[in-house]
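J.: Can you keep this structure in mind? I'll have questions shortly.
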Amino acid sequence: MQAIEESIKTGKIPNHDNDSFDTKVKQGALSIKNVGKIYDPEGVHVEALANCSMEIGAGEFVAIVGPSGCGKSTLLNIMAGFDNLTQGEILLDKEPLATIDQPPSPGPDRVVVFQSGALFPWKTVLENVIYGPVTQGGMSIDKAKLRAKEMLSRVGLTGIEDSYPGQLSSGMQRRVEITRALINNPKILLLDEPYRAMDTVTKGASHQYLLELYDLTQKTIFFITHDLDEALYLSDKVHIMTSRPGYIKKSLAVDLPRPRKLSMLTSKEFMEMKAELVEAVHEEAIKAFKAGEREMA
């Protein structure tokens, strides 16, 4: 937790307008080119990723699915600056983000929300949300509070500003975390299975709030999940990864209009896309099972 607080405190505000989300000039385009990752190359030699490539447009919502251990989280951690790569490169808006010679580092242009959560338990909801922009000098306390309350209202959290994380449900905590991430106006939001442990009803409500914020901000979102319905319902495109070493086996464009509606989950188009997705993922899951894969990434 201390490391998380320090990274927020020392990060430099990117050249964004923190008073509004500019959807006219989109940022956050990612080019992932032949990325490979080997853990302990001189010992165990676990190859997590190999020749993994994909293009993500600025403001695009992409979901990444695949069997456990296929390297989804490894790829996210490299993009976040928590791990290095051993092959290839990643470009952010055509500028190097991670290369063999330039290890990535965390930055305020990329914000991560994990399943386990990372709110400061000793701070109120409002204090958590405004911490980044106030500490970095991007907003005055009054302006940050105003913005935070506005954004919290967008995700149905009006009236809980003085509550502490321990007093909130898991679904409410995820909404606060995503709000805290977006108030800093990053280029990319990295979500690592944020709704995995939720029940169906809570997850459904969380989806709607996330879509509300996405429609508002148009930020690039990189979303890891095992839930295929979730992947299709939320995203513009679903990338299916192979069993280890992971690379992109197939990409499926989600031809559903926005804003998304729950009725789409039972539409013919949705069911046809899901059948195609299930087949691709199931094939890789069988390969992973036969190979005795363990969840390493």
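The values are calculated or read from the model by the stated rules, or taken from the named source; none is laboratory data. Not measured: the values here are computed from a predicted model. All Cβ positions, even for glycine, are placed from backbone atoms using ideal geometry, and neighbour counts span all protein chains on display.
J.: Looking at segment 84-91, is at least one residue closer than 20 Å to residue 35 by Cα, assigned to a loop (DSSP other than H, G, I, E, B), in contact with a Gly (Cβ under 7 Å, 6 or more places away or on another chain) and not small (Gly, Ala, Ser)?
T.: For segment 84-91, residues closer than 20 Å to residue 35 by Cα, assigned to a loop (DSSP other than H, G, I, E, B), in contact with a Gly (Cβ under 7 Å, 6 or more places away or on another chain) and not small (Gly, Ala, Ser): present.
J.: Being of a type in the set (Asp, Glu), surrounded by fewer than 17 Cβ atoms within 10 Å (Cβ to Cβ) and either in contact with a His (Cβ under 9 Å, 6 or more places away or on another chain) or over 18 Å from residue 112 (Cβ atoms) (or both): is that true of residue 230 here?
T.: no
J.: Of everything in segment 157-216, what is of a type in the set (Asp, Glu) and touching a residue at least 12 places away in the same chain (Cβ under 8 Å)? Give them in sequence order.
T.: 161, 162, 177, 192, 193, 212, 215
J.: Tell me, which residue of segment 193-224 that is surrounded by 15 or more Cβ atoms within 10 Å (Cβ to Cβ) and among the hydroxyl-bearing types (Ser, Thr, Tyr) is farthest from residue 60 (Cα to Cα)?
T.: 202
Every residue, every condition in (1) outside any helix (DSSP H, G or I); (2) among the aromatic types (Phe, Trp, Tyr); (3) out of contact with any Phe, Trp or Tyr (no Cβ under 6 Å at 6 or more places or on another chain), yes or no:
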| site | (1), (2), (3) |
| --- | --- |
| 147 | no, no, yes |
| 158 | yes, no, yes |
| 166 | no, no, yes |
| 177 | no, no, yes |
| 185 | yes, no, yes |
| 191 | yes, no, no |
| 197 | yes, no, yes |
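J.: For the list (1) touching a Gly at 6+ places or on another chain (Cβ under 9 Å); (2) outside any strand (DSSP E or B), I need the number of the one condition that residue 98 fails.
T.: (2)
J.: Another question, then. Before we move on, is residue 202 modelled with pLDDT under 95, assigned to a helix (DSSP H, G or I), on the phi < 0 side of the Ramachandran plot and within 14 Å of the chain's Cα centre (by Cα)?
T.: no
J.: Also, I was wondering about something else. Just one of the numbered conditions (1) closer than 24 Å to residue 66 by Cβ; (2) in contact with a helix residue (DSSP H, G or I) (Cβ under 7 Å, 6 or more places away or on another chain); (3) acidic (Asp, Glu) is not true of residue 89; which one?
T.: Every listed condition holds for residue 89 apart from (2).
Rundown of residues vs (1) of a type outside the set (A, V, I, L, M); (2) under 20 Å from the mean Cα position of the chain (by Cα); (3) modelled with pLDDT of 95 or more; (4) not in a strand (DSSP E or B), yes/no style:
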site: 229; (1), (2), (3), (4): yes, yes, yes, yes
site: 233; (1), (2), (3), (4): yes, yes, yes, yes
site: 240; (1), (2), (3), (4): no, yes, yes, no
site: 244; (1), (2), (3), (4): yes, no, no, yes
site: 251; (1), (2), (3), (4): yes, yes, yes, no
site: 258; (1), (2), (3), (4): yes, yes, no, yes
site: 263; (1), (2), (3), (4): yes, no, no, yes
site: 270; (1), (2), (3), (4): yes, no, yes, yes
site: 274; (1), (2), (3), (4): yes, no, yes, yes
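J.: So which residues in segment 105-120 are closer than 14 Å to residue 132 by Cα, in contact with a Pro (Cβ under 7 Å, 6 or more places away or on another chain) and not charged (D, E, K, R), if there are any at all?
T.: 108, 111, 119
J.: Could I ask something else about it? What residue, of 116, 140, is free of Cβ contacts under 8 Å to residues at least 24 places away in the same chain, within 17 Å of the chain's Cα centre (by Cα) and surrounded by fewer than 19 Cβ atoms within 10 Å (Cβ to Cβ)?
T.: So the residue among 116, 140 that is free of Cβ contacts under 8 Å to residues at least 24 places away in the same chain, within 17 Å of the chain's Cα centre (by Cα) and surrounded by fewer than 19 Cβ atoms within 10 Å (Cβ to Cβ) is 116.
J.: Surrounded by fewer than 16 Cβ atoms within 10 Å (Cβ to Cβ), touching a residue at least 12 places away in the same chain (Cβ under 8 Å) and under 22 Å from residue 205 (Cβ atoms) - does that describe any residue in segment 251-258?
T.: yes
J.: Among the residues in segment 284-294, are any in contact with a Gly (Cβ under 7 Å, 6 or more places away or on another chain) and closer than 28 Å to residue 186 by Cβ?
T.: No, that holds for no residue.
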